[in-house]
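To start, the structure under review is shown below, and the notes come after it.
The values are calculated or read from the model by the stated rules, or taken from the named source; none is laboratory data. This one's a predicted model, so the numbers in the text were calculated from it and none came from an experiment. Backbone-built Cβ (ideal geometry, glycine too); neighbour counts: all protein chains shown.
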Amino acid sequence: MLKSGINVVDALETLQNQAKVSKFRDILKVCSSDLRSGVSLSVSFAKFPKVFDQFYQNVIRVGEESATLASSLTFLETKLEKELSLKRKVDEALFYPKVVIGLAFVVAFSVSIYILPKLGDMFRSFDVQLPLATRILLAIADYMKVNGLYLFAAIILFLVLIRLLIIIKSVRLLWTRFIMSMPIIGPFMVNKETSSFCRNLGIMLSSGIPITRALTISSTTTENALFAHYIAELNAGLQEGSTLGTVLQSGKLKKIPIMVTKMITVGEKSGSLTQMLLYLADNFEESTDDQAKNLSSMIEPVLLVAIAIVVLFIALAIVLPIYQLSDVLR
């Protein structure tokens, strides 16, 4: 709308009328009222940090100061569209595994609490030596009969405790480092965070934000604790007189791909750092998209094999003593 010649206030009021979420409509109403009172858009957005974080505020502030607000908003629109597209692909890829894991957990818990104890009483009435698989199953049944609900409560409590511990910065950093070292999920997260870091930094530099300020904003707005730590290390290195390439080559930021290190080093030397960052963002975004499409196909075989092993074990534990009893009766 700004590129069409509509002023900011009228554009905000148009968006306000089109907004379907009442809370967002109220935010736009406050912003348009602020602009009519002479307040800048970036200052008005700063009243709602949960909706417009420092990244948005600073890019818009630079756009206002340099009279390139329309271009700044276009950058932000592109960034948001790409993030939403990736999130949608990841959610679609993980939907089936989440359903399978959830159903498997419910079935396993129900069988352990209600079915296995009855089977245990039946098998113990057999006057035969039970197979190892059956004895293991009976031991599990006995334990679940007495402690099943306590175990379930302990699992829930453990998950809640982990969630609370992750709030602590040092614990969250260790947890993120652990998750990003896992197969399948780790490389996917590295590519995703690398793409986000390069795009955010490239957008801010192209908007005219100084690199140290841009890194500070990135470190505080990045949700991934490990990459937030990496970005803070880069910022500290720059403030000590180093270059991005020098800090990256030091080997401290182990999860940063070597391609990023080399191209940022070249970009700094050739004066094309912004273009290099945006190129890297597109490159790693394509890799992330490909991984998101294949994520479900990589996880599904692991789930199927795990479920097949559990089902086979239970089937053998139930069927073998029945065959053994039939041999005794003959």
**Asked** If you check every pair at least six apart or on different chains, which have Cβ atoms under 7 Å apart with a residue in the stretch 162-186 that is under 15 Å from Leu226 (Cα atoms) first and a residue that is of a type in the set (Lys, Arg) and at pLDDT 85 or above second?
**Response** Ile166/Arg172; Met180/Lys255
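Conditions tested, residue by residue: (1) in contact with an Asp or Glu (Cβ under 8 Å, 6 or more places away or on another chain); (2) among the polar types (S, T, N, Q); (3) surrounded by fewer than 15 Cβ atoms within 10 Å (Cβ to Cβ).
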{"site": "Arg36", "(1), (2), (3)": "no, no, yes"}
{"site": "Ser40", "(1), (2), (3)": "yes, yes, no"}
{"site": "Ala46", "(1), (2), (3)": "no, no, no"}
{"site": "Pro49", "(1), (2), (3)": "no, no, yes"}
{"site": "Val59", "(1), (2), (3)": "no, no, no"}
{"site": "Gly63", "(1), (2), (3)": "no, no, no"}
{"site": "Leu69", "(1), (2), (3)": "no, no, no"}
{"site": "Leu73", "(1), (2), (3)": "no, no, no"}
**Fill in**
Note on Met189: of the conditions (1) touching a residue at least 60 places away in the same chain (Cβ under 8 Å); (2) within 29 Å of Pro301 (Cα to Cα), unmet is (1)
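Would you be able to tell me the number of residues in the stretch 93-151 that are among the aromatic types (Phe, Trp, Tyr) and at pLDDT below 75? Reasoning before the result, please.
Quick first cut of the stretch 93-151, residues among the aromatic types (Phe, Trp, Tyr) only: 95-96, 105, 109, 114, 123, 126, 143, 150.
Imposing the further condition that a residue be at pLDDT below 75 reduces the set to 109, 114, 123, 126.
Within the stretch 93-151, residues that are among the aromatic types (Phe, Trp, Tyr) and at pLDDT below 75 number 4.
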**Prompt:** Do we have any residue at all in the stretch 263-274 that's among the basic types (Lys, Arg) and under 24 Å from Met180 (Cβ atoms)?
**Reply:** no
**Message:** Quick check on Ile101: is it in contact with a helix residue (DSSP H, G or I) (Cβ under 9 Å, 6 or more places away or on another chain), outside any helix (DSSP H, G or I) and over 22 Å from Thr221 (Cβ atoms)?
**Reply:** no
**Request:** Inspect the stretch 48-70 for any residue being at pLDDT below 80 and among the hydroxyl-bearing types (Ser, Thr, Tyr) and give the result as yes or no.
**Result:** yes
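Yes/no matrix, rows are residues, columns are (1) over 25 Å from the mean Cα position of the chain (by Cα); (2) modelled with pLDDT under 90; (3) part of a helix (DSSP H, G or I):
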| residue | (1), (2), (3) |
| --- | --- |
| Ala232 | no, no, yes |
| Ala236 | yes, no, yes |
| Gly241 | yes, yes, no |
| Lys252 | no, yes, no |
| Val260 | no, no, yes |
| Thr265 | yes, no, yes |
| Gln275 | yes, no, yes |
| Leu278 | no, yes, yes |
**Prompt:** Hey, which of the helices (runs of 4 or more DSSP H) in the stretch 142-223, taking only ones fully inside, have at least 1 residues that are of a type in the set (Gly, Ala, Ser), in the same structural domain as Thr243 (by TED's automatic domain parsing) and touching an Asp or Glu at 6+ places or on another chain (Cβ under 7 Å)?
**Reply:** 185-206
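Among the candidates Ile299, Ile318, single out the residue that is under 30 Å from Ala108 (Cα atoms), within 24 Å of the chain's Cα centre (by Cα), assigned by TED's automatic domain parsing to the domain that holds Phe197 and part of a helix (DSSP H, G or I). Walk me through it before giving the result.
Details: Ile318 fails: within 24 Å of the chain's Cα centre (by Cα).
Exactly one residue qualifies, and that residue is Ile299.
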**Prompt:** Of all residues in the stretch 282-295 being within 17 Å of Gly186 (Cβ to Cβ) and surrounded by 14 or more Cβ atoms within 10 Å (Cβ to Cβ), which is modelled with the highest pLDDT?
**Reply:** Phe284
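Residues are listed down the side, and each one gets a yes or a no for (1) under 30 Å from Lys293 (Cβ atoms); (2) at pLDDT below 80; (3) under 27 Å from the mean Cα position of the chain (by Cα):
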position: Asn7; (1), (2), (3): no, yes, no
position: Asp26; (1), (2), (3): no, no, no
position: Leu41; (1), (2), (3): no, no, no
position: Leu80; (1), (2), (3): yes, no, yes
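Is one or more of the residues making up the stretch 255-276 in contact with a Gly (Cβ under 6 Å, 6 or more places away or on another chain) and under 19 Å from Lys82 (Cα atoms)?
yes
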**Message:** I need every pair where a residue in the stretch 292-319 that is of a type in the set (Phe, Trp, Tyr) has its Cβ under 7 Å from the Cβ of a residue that is surrounded by 15 or more Cβ atoms within 10 Å (Cβ to Cβ), sequence separation at least 6 or different chains.
**Reply:** Phe313/Ala133
